[in-house]
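K.L.:
Can you keep this structure in mind? I'll have questions shortly.
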2 protein chains.
Amino acid sequence: MKPHHNPRVTLVGAGPGDPELISIKGMKAIQSADAILYDALAGKELLDFAPAHCTKLNVGKRGGCISHQQSTINGLIVHCANKYGHVVRLKGGDPFVFGRGYEEIVYAEERGIKTTVVPGISSSISVPALEGIPLTVRGINESFWVTTATLSSGELSNDIKLAASSSATIVILMGLQKIKEIMEIFKSNDKHHVPVAVIQNGSLSTQKIALGHVDTIVQEVQQQQIASPAIIVVGEVVKLHKDFEREAFMQMVLQAAQ
Amino acid sequence: MKPHHNPRVTLVGAGPGDPELISIKGMKAIQSADAILYDALAGKELLDFAPAHCTKLNVGKRGGCISHQQSTINGLIVHCANKYGHVVRLKGGDPFVFGRGYEEIVYAEERGIKTTVVPGISSSISVPALEGIPLTVRGINESFWVTTATLSSGELSNDIKLAASSSATIVILMGLQKIKEIMEIFKSNDKHHVPVAVIQNGSLSTQKIALGHVDTIVQEVQQQQIASPAIIVVGEVVKLHKDFEREAFMQMVLQAAQ
């Protein structure tokens with residue numbers, strides 16, 4: 001088969017989940033796509049922007065029947081660009097935040113394919129915001145630190161230990177499986193009473209939140225039946241959530257009743 | 001005057017500057033606005049989405065003739081909501097990242113006005129991405145730390161000192177005026193050779209970049225005549241910029257010629 005005369009890849013951030021949180025530029029890229037390779041975390045409704053002839057492939061690493069290796073995805077991107085022309089690689093959140101988007105872009109570029117990046121709204125910032133939790137507030141803190149819990153080695157990131165000793169708001173992505181271990185780190189930094197929020201399915205109608213403190217959040221997560229994908233936010237700014245005072249009050253009531 | 005029957009405020013993140021990097025939801029909010037209060041950093045082209053009757057007010061804190069106090073902006077938002085109905089408060093980047101957006105929302109809510117937040121693409125992540133610098137790359141680092149250099153007190157944030165001792169990619173917003181002081185902190189942490197990028201007007205056609213190391217970046221910024229608004233990125237990931245090796249090579253050539 002003759003390769004396409006103009007193979008190209010646009011790496012697009014789909015945003016946190018709500019399809020209307022994609023950028024106009026991202027939407028336009030989909031509208032001109034000949035093929036779309038999308039992730040589990042990218043909203044399916046976004047595929048409706050694609051033209052009728054567009055080939056759509058789910059290459060998500062979870063949720064589906066087939067688990068795709070990163071090397072398979074890299075190969076598919078190049079194959080589709082050469083076969084169809086304009087490939088949109090659609091990833092949840094921002095494609096350059098823990099997304100392996102950079103690896104995909106470099107792999108394609110090394111094979112002579114033109115690439116473009118369209119940033120997305122990162123869940124790390126927007127999911128707390130949509131729950132009314134700003135990551136920084138004048139007078140409370142001056143920085144935020146975004147980290148992942150899951151390393152390729154399976155170990156807990158050492159940066160979480162560093163972050164726990166700082167005054168930054170800490171956002172942990174892909175950390176729910178290890179929340180107990182993570183909270184132990186904060187406890188060993190004497191941060192038992194720092195407020196914590198765990199938010200599942202941020203920006204979607206199925207959004208759920210558990211609120212508590214370093215000492216209590218594991219129990220809250222169980223009670224609220226929070227599951228992945230979820231984001232953990234640790235810091236004084238969590239107190240600004242509208243339900244937080246009520247929550248704190250409930251804790252007092254429960255403790256008094258014991 | 002009779003107050004509007006349905007006063008409400010939508011806090012919208014305009015993204016890093018390119019008007020097409022606003023979200024679909026943000027664009028729709030502007031399309032239904034009765035009044036827009038916008039910042040210096042929000043792209044003016046976005047105002048074209050507004051209906052003909054919409055009142056447009058520049059409340060930017062720089063660049064214009066008048067410098068607005070935060071209290072004046074808060075008051076204006078409430079005044080406009082009561083007078084016109086749907087106010088869009090349009091802010092550059094994401095409205096909850098060092099933006100005082102939270103204060104504005106709370107001020108309005110306390111006066112009985114309904115508020116909504118539409119997140120935006122934060123410059124902290126997207127501006128490096130558009131220069132081909134991912135904030136995290138598997139095998140290089142596991143986290144990024146976003147901080148501001150400028151505190152209300154005029155002091156340099158203490159978090160920069162903490163961040164300089166970590167392995168995170170560090171993004172410093174509003175820091176160009178203090179770049180010399182900031183680099184001294186990294187030097188005192190023995191990070192002389194860590195790569196640094198300073199990016200002005202990210203996402204716009206006027207985008208400019210200076211690349212170097214902790215030891216050399218101040219000179220590079222002067223040579224490239226980089227001015228505010230600019231973002232500083234410090235970390236090994238900066239090496240992934242397409243011009244970095246060329247830059248490093250040029251440094252070697254220049255040093256050999258001395």
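K.L.:
Output the number of residues of region A:115-147 satisfying the condition of being more than 7 Å from chain B (Cβ to nearest Cβ) and charged (D, E, K, R).
P.N.:
1
K.L.:
Hey, among the residues in region A:104-130 that are of a type outside the set (A, V, I, L, M) and surrounded by 22 or more Cβ atoms within 10 Å (Cβ to Cβ), which one's nearest to A:ASN74 (Cα to Cα)?
P.N.:
As a first pass, look at region A:104-130 and keep what is of a type outside the set (A, V, I, L, M): A:104, A:107, A:109-112, A:114-116, A:119-120, A:122-124, A:126, A:128.
With the extra rule that they be surrounded by 22 or more Cβ atoms within 10 Å (Cβ to Cβ), the set shrinks to A:104, A:119-120, A:122-124, A:126, A:128.
Working: A:GLU104: 6, A:PRO119: 19, A:GLY120: 20, A:SER122: 22, A:SER123: 24, A:SER124: 25, A:SER126: 28, A:PRO128: 32 Å.
Of everything passing the filter in region A:104-130, A:GLU104 is nearest to A:ASN74 (Cα to Cα).
K.L.:
Sticking with this one: Could you run through region A:1-55 and say how many residues are more than 27 Å from A:GLN207 (Cα to Cα), at pLDDT 95 or above and charged (D, E, K, R)?
P.N.:
Total meeting the criteria: 3.
K.L.:
Restricting to region A:1-22, count the residues that are surrounded by fewer than 24 Cβ atoms within 10 Å (Cβ to Cβ) and either within 11 Å of another protein chain (Cβ to nearest Cβ) or in a helix (DSSP H, G or I) (or both).
P.N.:
Qualifying residue count, region A:1-22: 3.
This table checks each residue for (1) part of a loop (DSSP other than H, G, I, E, B); (2) outside the structural domain of B:ILE232 (by TED's automatic domain parsing); (3) at pLDDT below 90; (4) more than 15 Å from the chain's Cα centre (by Cα).
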site: B:ARG138; (1), (2), (3), (4): yes, no, yes, yes
site: B:ASN141; (1), (2), (3), (4): yes, no, yes, yes
site: B:THR147; (1), (2), (3), (4): no, no, no, no
site: B:GLY154; (1), (2), (3), (4): yes, no, yes, yes
site: B:ASP159; (1), (2), (3), (4): no, no, yes, yes
site: B:LEU162; (1), (2), (3), (4): no, no, yes, yes
site: B:SER167; (1), (2), (3), (4): yes, no, yes, yes
site: B:LYS191; (1), (2), (3), (4): yes, no, no, yes
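K.L.:
Is it the case, given these coordinates, that A:ILE160 is farther than 30 Å from A:PRO7 by Cα, surrounded by fewer than 22 Cβ atoms within 10 Å (Cβ to Cβ) and more than 7 Å from chain B (Cβ to nearest Cβ)?
P.N.:
It is false that A:ILE160 is farther than 30 Å from A:PRO7 by Cα, surrounded by fewer than 22 Cβ atoms within 10 Å (Cβ to Cβ) and more than 7 Å from chain B (Cβ to nearest Cβ).
K.L.:
Name every residue in region B:186-203 that is of a type in the set (Ser, Thr, Tyr) and either farther than 21 Å from B:MET174 by Cβ or free of Cβ contacts under 8 Å to residues at least 12 places away in the same chain (or both), in order of residue number.
P.N.:
Across region B:186-203, the qualifying residue is only B:SER188.
K.L.:
Kindly indicate which of A:LYS25, A:LYS91 is among the basic types (Lys, Arg), within 14 Å of chain B (Cβ to nearest Cβ), touching a residue at least 60 places away in the same chain (Cβ under 8 Å) and under 21 Å from A:VAL106 (Cβ atoms).
P.N.:
A:LYS91
K.L.:
Also, I was wondering about something else. Against the definition (under 21 Å from A:GLY92 (Cα atoms) and more than 8 Å from chain B (Cβ to nearest Cβ)), how does A:GLY112 come out, yes or no?
P.N.:
No: the conditions fail for A:GLY112.
K.L.:
While we're here: Checking A:GLY75 against (1) assigned to a strand (DSSP E or B); (2) over 15 Å from the mean Cα position of the chain (by Cα), which single condition isn't satisfied?
P.N.:
Going through the list (1) assigned to a strand (DSSP E or B); (2) over 15 Å from the mean Cα position of the chain (by Cα), A:GLY75 breaks only (1).
K.L.:
Do we find that A:ALA33 is out of contact with any helix residue (DSSP H, G or I) (no Cβ under 8 Å at 6 or more places or on another chain), more than 14 Å from chain B (Cβ to nearest Cβ) and surrounded by fewer than 16 Cβ atoms within 10 Å (Cβ to Cβ) in this structure?
P.N.:
It is false that A:ALA33 is out of contact with any helix residue (DSSP H, G or I) (no Cβ under 8 Å at 6 or more places or on another chain), more than 14 Å from chain B (Cβ to nearest Cβ) and surrounded by fewer than 16 Cβ atoms within 10 Å (Cβ to Cβ).
K.L.:
So, one more: Looking only at residues that are touching a strand residue (DSSP E or B) at 6+ places or on another chain (Cβ under 6 Å) and closer than 18 Å to B:GLY139 by Cβ in region A:81-103, which one is modelled with the lowest pLDDT?
P.N.:
Ranking the candidates gives A:GLY99 first.
K.L.:
With (1) within 24 Å of B:HIS5 (Cα to Cα); (2) not in a loop (DSSP other than H, G, I, E, B) as the list, and B:ALA33 as the residue in question, which single condition is left unmet?
P.N.:
For B:ALA33, the exception is condition (2).
K.L.:
Still on this structure, I have one more. Give region A:169-189 a look and list any residue that's hydroxyl-bearing (Ser, Thr, Tyr) and either part of a loop (DSSP other than H, G, I, E, B) or surrounded by 19 or more Cβ atoms within 10 Å (Cβ to Cβ) (or both), or say none. Walk me through it before giving the result.
P.N.:
To start, the set of residues in region A:169-189 that are hydroxyl-bearing (Ser, Thr, Tyr) comprises A:169, A:188.
Residue satisfying the conditions is A:THR169 alone.
The values are calculated or read from the model by the stated rules, or taken from the named source; none is laboratory data. On a predicted model such as this, the values are computed, not experimentally measured, just so you know. Note: ideal-geometry Cβ built from the backbone for every residue, glycine included; neighbour counts use all protein chains shown.
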